[in-house]
Amino acid sequence: MNLHVSGDVAARTLAIVTAMKGAEGPLLPILHEIQAEFGYVPQDSLPVIARELNLSRAEVHGVVTFYHDFRDHPTGRHVLKLCRAEACQSMGADAVAARVKALLGIDFHQTTLDGAVTLEPVYCLGLCSCAPSAMLDGEVHAGLDAAAATELVREARR
Amino acid sequence: MTVKVYVPKDAAALALGADRVVAAIEREAGERGVAVAIVRNGSRGMHWLEPLVEVVVDHERIAYGPVRAGDVASLFAAGFLEGGDHPLRQGATKDIPFLKQQTRLTFARCGIVDPLSLDDYRRFRGLTGLEKAIAMAPVDIVTEVTDSGLRGRGGAGFPTGIKWKTVLDAAGPQKYIVCNADEGDSGTFADRMIMEGDPFVLIEGMAIAGLATGATKGFIYTRSEYPHAIAAMSAAIEIARREGVLGPSVMGSGRAFDMEVRVGAGAYVCGEETALLNSLEGKRGIVRAKPPLPAHKGLFDCPTVINNVISLASVPIILDRGATFYRDFGMGRSRGTIPIQIAGNVKHGGLYETAFGLSLGEIVDHIAGGTASERPVKAVQVGGPLGAYFPRALFDTPFDYESFAAKDGLIGHAGIVVFDDTVDMLHQARFAMEFCAIESCGKCTPCRIGSTRGVEVADNIAHGVEPEKNRELLADLCNTMKFGSLCALGGFTPYPVMSAMTHFPEDFTPAPRVEGGGMSETEKLKGPASYFPSIEKKYGQPIEHWKAIVRAQEGKAHMQIVAFLKETHGLGHGHANALVAATLAENA
């Protein structure tokens, strides 16, 4: 979904901003929409957003970089998020994370060389009563153990 | 005859395979030529039984759980559609002790109704609170909420009615109701459950808040990590608008109120109310100095009520049943009920709504049933990542705002996370600092710098570097953060750190443990470990990264793994050898 960024970033950004700028406090919804469109927030879209919302480019840059969700580069084909928060720690999330990292051969915030999987930490998916939990491309998984984590990695590798 | 079967669509149930169970039931029913009508309800909150499948037999709901897709054929064979016996049969849902002992006021409908059926909602006393509010003067609605004793369920515990009164009295052409659904605390999921399981109750609560204060626009600010809650909430708002519950004339009252869902972008600090307001405005989620209070100058500088999901979702029943009804539950200055979220290493995890006042020990040992690992409980973190760790010695603490504050803790959003005796409390203290460093908005120095320094000091203690001096330094740093930070992120991070150090001092004295413990592996480690700094420097990866890679090769011989590291990852022989020796020694 995010591999088709071409020269029309500005035009597609403008279409999104134009449609959404009437909302109260439109910047975050716009950035979410842009990330949904491109898979990340391209540098080339920032001047368009700034101009249309009457902000400085620095302000837009400041917002984009403040939030963990917004990326300045594409992810792999799949995004695997592992919860690292306390409830998951209490049920062995650290061991699950170590296993997943080893299986993928990457650390958090990295993408496998074949472009299949990006691994990200997440701090709580609200599934704390059935920990450890993970999210693969928006699908939630709970009660992970070594076997389930291996299966998840296999699914992500597809 | 069509049999009604309930399979939750709550994220916890989905994460445990509820959709696969639904598919299996549909397939099996089709093959057997049986008519079933599947309702996707919210969760009852008994998460160890999820996916919890309920079948309606003689107007009673019979529970089966935890059901996996592979169990479905045997359930049909056992005649579960008629309530037949099966190893997964839990009996009538309402009689399951975990549920039966609760006082469900805010969560009265959660798990019972179809979350997106307004008819269901009305059938279970929905909208009666709003109807009563429409007939009341704004000031009387505020008085009702004040008299109920309801306090902010987000954690701060500020009286909700007083907040509303301030906004009612504030002048302004535009006022807002903002629902803080940025539930980022580990161990909490009450907001998520109510948004997924009974979204109309939040809509009703916000509409009542609007009528009470003169606000005409509401925002629910929730997390991008909650896609299912976002979907349920947005769909419910659509329905409410279509049915005239929201819009230019709320239920024909002639008074306007409408709302929308806004999604954060992965910043924990946006759960702090002023950072949340900045984020809603499209800015960096930086904390604002108070005053001015949001009630005077909140969203877009307009008077704004900002309340937690559970506070707002508790309002409809207060208006419906009256302030006295609600206030009669609870103890001391903590009135009403609190949805306790039991999480972490427990047998019976889930949501337990009850009047304030249960002891922590009752919750952990009896309701939660102890640890899932069957090991002794060592520590319980109450109130999320900024909450204190409680040892067994403090298990007599009653669950209310004041009692926990008296023990240097907080109930926060009422999440409790249980740890067994394998937990290293120094590691947990370090994590609290690390988390604060990752999530700090950067506005104030004690939080921004202090958290990073805190990680370093914790590491020094762990490495046995002047441990006594560094423990003092850590306590001093916590003191600075507690009193010098602008908001609860920096201000409360000391709670987990200090409680860990106070109640579990043995975990903060690693140096004597090494010498006196007779751990011969540690001696061996000294050799390979001496390579670690240069390994980290040369290859740019932390040692843990390499250890994980070595562990994944388990089963292979030492020299095979060394060869693997050299060939696949380009490590030198000495470095590879040191890593393998150190990692395998840990497992020995």
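I'm checking my understanding of the structure. Among residues of the stretch B:535-544 that are at pLDDT 80 or above and either away from chain A (no Cβ under 14 Å) or within 37 Å of the chain's Cα centre (by Cα) (or both), which one is least open to solvent (accessible area, probe 1.4 Å)?
In this case the residue turns out to be B:ILE535.
Identify, please: which residue in the stretch B:404-422 is surrounded by fewer than 24 Cβ atoms within 10 Å (Cβ to Cβ) and touching a residue at least 24 places away in the same chain (Cβ under 8 Å) and is, among those, nearest to B:PHE189 (Cα to Cα)?
So, considering only residues that are surrounded by fewer than 24 Cβ atoms within 10 Å (Cβ to Cβ) and touching a residue at least 24 places away in the same chain (Cβ under 8 Å), the one nearest to B:PHE189 (Cα to Cα) is B:LEU410.
Quick check on the stretch B:355-366: of everything there that is of a type in the set (A, V, I, L, M, F, W, C) and open to solvent by 20 Å² or more (accessible area, probe 1.4 Å), which residue is nearest to B:SER314 (Cα to Cα)?
B:ALA355
If A:GLY25 meets every condition in (1) at positive phi; (2) assigned to a helix (DSSP H, G or I) apart from one, which number is that one?
Only one criterion in (1) at positive phi; (2) assigned to a helix (DSSP H, G or I) is unmet by A:GLY25, namely (2).
Any residue that is within 11 Å of chain B (Cβ to nearest Cβ), at positive phi and open to solvent by 20 Å² or more (accessible area, probe 1.4 Å) - is there at least one of those in the stretch A:85-94?
Scanning the stretch A:85-94, I find at least one residue that is within 11 Å of chain B (Cβ to nearest Cβ), at positive phi and open to solvent by 20 Å² or more (accessible area, probe 1.4 Å), so the answer is yes.
Would you pick out the residues in the stretch B:427-446 that are more than 12 Å from every other protein chain (Cβ to nearest Cβ) and either open to solvent by 10 Å² or more (accessible area, probe 1.4 Å) or within 19 Å of B:GLN341 (Cβ to Cβ) (or both)?
B:ALA437, B:CYS444, B:THR445, B:PRO446
Scan the stretch B:212-229 for residues that are buried (at least 24 other Cβ atoms within 10 Å of the Cβ), touching a strand residue (DSSP E or B) at 6+ places or on another chain (Cβ under 8 Å) and not hydroxyl-bearing (Ser, Thr, Tyr) and jot them down.
B:ALA215, B:GLY218, B:PHE219, B:ILE220, B:ARG223, B:GLU225, B:ALA229
At least 1 residues that are of a type in the set (S, T, N, Q) in each: list the strands (runs of 3 or more DSSP E) lying fully within the stretch A:69-147 that qualify.
The qualifying strands (runs of 3 or more DSSP E) are A:117-122.
Select from the stretch A:104-134 the residues that are more than 19 Å from the chain's Cα centre (by Cα) and surrounded by 21 or more Cβ atoms within 10 Å (Cβ to Cβ) and write down the one among them that is farthest from the other protein chains (Cβ to nearest Cβ).
Only one residue tops the list, namely A:PRO132.
Is the stretch B:243-256 home to any residue that is of a type in the set (Val, Ile, Thr) and either within 14 Å of chain A (Cβ to nearest Cβ) or in contact with a Pro (Cβ under 9 Å, 6 or more places away or on another chain) (or both)?
Within the stretch B:243-256 (the criterion being of a type in the set (Val, Ile, Thr) and either within 14 Å of chain A (Cβ to nearest Cβ) or in contact with a Pro (Cβ under 9 Å, 6 or more places away or on another chain) (or both)), the answer is no, since none of the residues qualifies.
Condition first: in a loop (DSSP other than H, G, I, E, B) and of a type in the set (Lys, Arg). Now tell me which residues in the stretch B:114-128 satisfy that.
B:ARG125
Looking only at the stretch B:485-509, how many residues end up being surrounded by fewer than 21 Cβ atoms within 10 Å (Cβ to Cβ), outside any helix (DSSP H, G or I) and of a type outside the set (A, V, I, L, M, F, W, C)?
Residues that pass the stated criteria total 1.
Select from the stretch B:359-394 the residues that are under 22 Å from B:ARG333 (Cβ atoms) and in a loop (DSSP other than H, G, I, E, B) and list them in ascending order.
Scanning the stretch B:359-394 gives B:GLY383, B:GLY387, B:ALA388.
Looking at the structure I just gave you, is A:ASP137 open to solvent by 40 Å² or more (accessible area, probe 1.4 Å) and under 17 Å from B:ASN345 (Cβ atoms)?
Answer is no for this residue.
Consider A:THR150 against the criteria (1) more than 11 Å from chain B (Cβ to nearest Cβ); (2) in contact (Cβ under 8 Å) with a residue 12 or more places away in the chain; (3) open to solvent by 10 Å² or more (accessible area, probe 1.4 Å): it satisfies all of them except one. Which criterion is unmet?
(1)
Looking at B:ALA190, B:ALA240, B:ALA215, B:ALA137 in this structure, which one is in contact (Cβ under 8 Å) with a residue 40 or more places away in the chain, of a type in the set (A, V, I, L, M) and away from chain A (no Cβ under 14 Å)?
Of B:ALA190, B:ALA240, B:ALA215, B:ALA137, the one residue that is in contact (Cβ under 8 Å) with a residue 40 or more places away in the chain, of a type in the set (A, V, I, L, M) and away from chain A (no Cβ under 14 Å) is B:ALA240.
The values are calculated or read from the model by the stated rules, or taken from the named source; none is laboratory data. In this text the structure is predicted, and so the values were computed from the model without any measurement. Because the Cβ atoms are built from the backbone with ideal geometry, glycine has one as well, and the counts that use them run over all protein chains shown. Ligands, DNA and RNA are excluded from the accessible area calculation, which covers all protein heavy atoms including side chains. Shrake-Rupley method; radii C 1.70, N 1.55, O 1.52, S 1.80 Å.
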